């Protein structure tokens, strides 16, 4: 799809310098801009590219002073960085708007319901008693189990599987091949060494404005609900175990795992490959560094690092010594000899 | 589906106190019980909720003494905790029993075979020469490759992919989007820096009573078989590399990885995000703590922790010192000065 | 499929000793060889099995001296290990060659194009403006988004999802349930604590001869491209974040994660469960040990270990001390007492 400078300027409340009819079909970085793209300048580091870019349109801050004339059509805006984000969103929404109606063959149970303006992709499955809100997009190969509820404007990308009875809120995005509501990992050890499955009869409840990456797994509760709070953002390949609860606006990077029944606060930020032991309670605004493993409860506002995780500052001080442990060790054993000599000479005095 | 108190009591060999016709449609935790649910009391910590719960039925131990009358219908059983597990299983089996027959369109090769009472979901694929036992459930979007064999009563959830020639036993459960039998990661380095693929012509053999979580990957052997023993339980997002063998009744938590050709014993327990180097041999009943990385063979009955993993007790003692390394280091360098003074004064005596 | 000794010998430029009409249908390891299989002897450790194997054909080096006659038909070759790899490839290519044509129902947009001799599996989706080269194999349940380009001879296994605008080169293999081109994890924090999605409008570009394992995720760039260089081999469950670039012939083992905008050099080898912080630059031929986490740029040819990663040799020396930290600590505090006594006795002199 194509946008012209006039449309973009109107969308951004911007002012055009140059040809208002210039047409673009994609955004680009200034150093890679080709004809038909729109780019921006925010970081002075990239200033030199402004005079060589092949892009057709460039967004500039209103107060930016050009050193010499440039080729692209200019759109002046209050904040070029925020401006390009709006332009990206404009392209995205145009692309998403193309997906609508029901493609065939797809399976939509006669006992399922959907609101207005939904997209049901080819080979998608919507099982009995499922309820979709308005403007929901179900991509091909999605599986929506019995009695699942999906809120308005939510997008479920190809290959996502949502088991029976789970609930997804409004304005959510779930990326391909994520699995919502598979059985939690619960087994009772038997006297003969075997394990007996503990049925997992709860569900998963995902609140509004949640985004979930690709190949992420969120298990259903044994009883009750595994809960993902509103505004939570989960990256790819994350494991959320049964009965976990995550507070609103918490952000979790890829490959992190949260074990069963852990309670996570609001506005936390967990970096990639972090881990949290089961049944812990983590406060609000807690940060966990990448690869770090939490093994104890954590109060509000703490920054944690390492495995087992310690407060970040303390861990760093320990690690600084660790880096030079051989020298420390050598020092100790060198001293030991001296002290032994001192003691010996003292004894012989 | 609905169960009444009489049915549940008969199933549990329990005694009813109250209305035997009370109907429930789901289990609940006692503190969250609503009308139409069945809950239980096992842990005294939750005793207070017994007098306020809205649940319609509650399971109590036969010897439990009520402080005052309660609203729900009571079913007295020998062990309320085991009782609720049986009730959960009752609801689950009712739900699973609903899935039967062949939904269309689905692909079932005329050269494939299936036993009695199988479920083949819409858009599922069962390729040529595949053989399914009795009561097998193949959910929508499952791919069963050529010549795959699946035992009786096994459930394969939506989106699972099983490559050609693999074998899955009886009474297994494989959760959504797991991949069984993709090529092992084997490449021969070439003189020009490129890598040449080593064909992976073996398969995966999964024994009886195995449960596999969502988005878990088990690679086929280069030659021979990658083997998952009977009763093994694998959580989500686990990597099992080519030619690995896992002994019976071993339990492995989410995001753990086992590298190629490692041999794992029976009745081991590996916590989440653990890792095992290739070609290792791990004994029986070995436990590995979360995030820990095994880099050497381990004998029976060891508990391992850390990276590289050490025996847990030893690792903990080292980590206890690590936590206070800066203090230790300061002490060393403070002493060093004193010792130098002592030595100097000695020299000048 | 079946091959006889004559066909195999011709393929390997080998010499037959025994019955040239002996037929085999699978390769096997020498210790597991059954009738109808072909095995090989390269490692002297396995020599004893040569005289007991049930295999029908065995590959031997030309210069190998038998101790006594053996049952299988022998094919003498220059290098038995390389020979068996060729035989494996022969079986594999025969199996792959069987997949051809378009199975129905499948979805192939009238605005998509494909070259000669492609395979389109049942329930696969090829969206509008997608372009497939010659000999491309698209297995069942694959989703190819709008405007995706796939090169010649590439194999996409069941359940792979490739989002719009992504590019995959020639001779690539992508295993089941991997996701190419899902949105990168980019959100702008808002004053009210919520996060606003930054649209991800770039794509993923995968060069020629790349193999990608199962359930691996490669996110699309915010703008521009996430790039996987030619000859790169990625194992299962790997996370490649937005705007990452990976140089040619780099090999990455399972469950490793690379955070956003990191630039990885050529011919690197990363072991399993490794992690790389965002925006780092990693040189050529760098190795990272399993479970290790890179938090700084790394120059060419370094071997890194630990978290945070240090040069491997240095880390090992520190870890050697760590293993015995309690002893070191005890030594320090024992010495402290002696030094205090020495100081005290000195003071009282």
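At a glance:
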quantity	calculated
Residues of the range B:190-217 that turn out to be at the interface with chain C (Cβ under 9 Å from one of its Cβ atoms) and outside any loop (DSSP other than H, G, I, E, B), as a count	4
Filter result for residue B:164 (assigned by TED's automatic domain parsing to the domain that holds residue B:251, closer than 23 Å to residue B:236 by Cα, outside any strand (DSSP E or B) and out of contact with any strand residue (DSSP E or B) (no Cβ under 7 Å at 6 or more places or on another chain))	yes
Restricting the range B:67-84 to residues that are touching a strand residue (DSSP E or B) at 6+ places or on another chain (Cβ under 8 Å) and not in a strand (DSSP E or B), the residue that is farthest from residue B:118 (Cα to Cα)	B:70
Residue list for the range B:102-119, restricted to those being part of a strand (DSSP E or B) and within 13 Å of chain C (Cβ to nearest Cβ)	B:107, B:108
Matching residues in the range C:177-211 - criterion: being in contact (Cβ under 8 Å) with a residue 40 or more places away in the chain and over 16 Å from residue C:225 (Cβ atoms)	C:178, C:185, C:209
One residue from A:226, A:201, A:250 being touching a helix residue (DSSP H, G or I) at 6+ places or on another chain (Cβ under 6 Å) and farther than 24 Å from residue C:178 by Cα	A:201
Filter pass, residue C:334 being closer than 20 Å to residue A:334 by Cα and more than 13 Å from chain B (Cβ to nearest Cβ)	no
Only one of B:302, B:314 that is within 11 Å of chain C (Cβ to nearest Cβ) and either more than 30 Å from residue A:345 (Cβ to Cβ) or touching a helix residue (DSSP H, G or I) at 6+ places or on another chain (Cβ under 7 Å) (or both)	B:314
Residue pairs meeting the criteria (Cβ under 7 Å; at least 6 apart or on separate chains; first in contact (Cβ under 8 Å) with a residue 12 or more places away in the chain and within 14 Å of chain C (Cβ to nearest Cβ), in the range B:133-144; second surrounded by fewer than 24 Cβ atoms within 10 Å (Cβ to Cβ) and part of a strand (DSSP E or B))	B:138/B:119
Qualifying residue in the range A:263-285 (condition: surrounded by fewer than 22 Cβ atoms within 10 Å (Cβ to Cβ) and either closer than 17 Å to residue A:203 by Cα or not assigned by TED's automatic domain parsing to the domain that holds residue A:170 (or both))	yes
Leading residue by the ranking (modelled with the lowest pLDDT) among those in the range B:223-236 that are surrounded by fewer than 24 Cβ atoms within 10 Å (Cβ to Cβ) and more than 23 Å from residue A:218 (Cβ to Cβ)	B:224
Filter result (within 18 Å of residue C:160 (Cα to Cα), assigned to a loop (DSSP other than H, G, I, E, B) and over 19 Å from the mean Cα position of the chain (by Cα)) within the range B:140-161	B:140, B:141, B:142, B:145
Residue among C:171, C:153 that alone is within 11 Å of another protein chain (Cβ to nearest Cβ), surrounded by fewer than 24 Cβ atoms within 10 Å (Cβ to Cβ) and at positive phi	C:171
Subset of the range A:85-101 (residues that are more than 8 Å from chain C (Cβ to nearest Cβ), free of Cβ contacts under 8 Å to residues at least 60 places away in the same chain and either part of a strand (DSSP E or B) or within 22 Å of the chain's Cα centre (by Cα) (or both))	A:93, A:96, A:101
Within the range A:27-46, tally of residues that are within 10 Å of chain C (Cβ to nearest Cβ), surrounded by fewer than 22 Cβ atoms within 10 Å (Cβ to Cβ) and not in a loop (DSSP other than H, G, I, E, B)	2
Residues of the range C:231-257 that turn out to be closer than 23 Å to residue C:145 by Cβ and within 11 Å of another protein chain (Cβ to nearest Cβ), as a count	10
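Yes/no matrix, rows are residues, columns are (1) part of a loop (DSSP other than H, G, I, E, B); (2) more than 22 Å from residue C:211 (Cβ to Cβ); (3) more than 19 Å from the chain's Cα centre (by Cα); (4) in contact (Cβ under 8 Å) with a residue 12 or more places away in the chain:
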residue: C:267; (1), (2), (3), (4): yes, no, no, yes
residue: C:273; (1), (2), (3), (4): yes, no, no, yes
residue: C:278; (1), (2), (3), (4): yes, yes, yes, yes
residue: C:285; (1), (2), (3), (4): yes, no, no, yes
residue: C:291; (1), (2), (3), (4): yes, yes, no, yes
residue: C:301; (1), (2), (3), (4): yes, yes, yes, yes
residue: C:307; (1), (2), (3), (4): yes, yes, yes, yes
residue: C:317; (1), (2), (3), (4): no, yes, yes, no
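The values are calculated or read from the model by the stated rules, or taken from the named source; none is laboratory data. What you see is a predicted model; the values in this text were computed from it and never measured. Cβ atoms come from the backbone with ideal geometry, glycine included; neighbour counts cover every protein chain shown.
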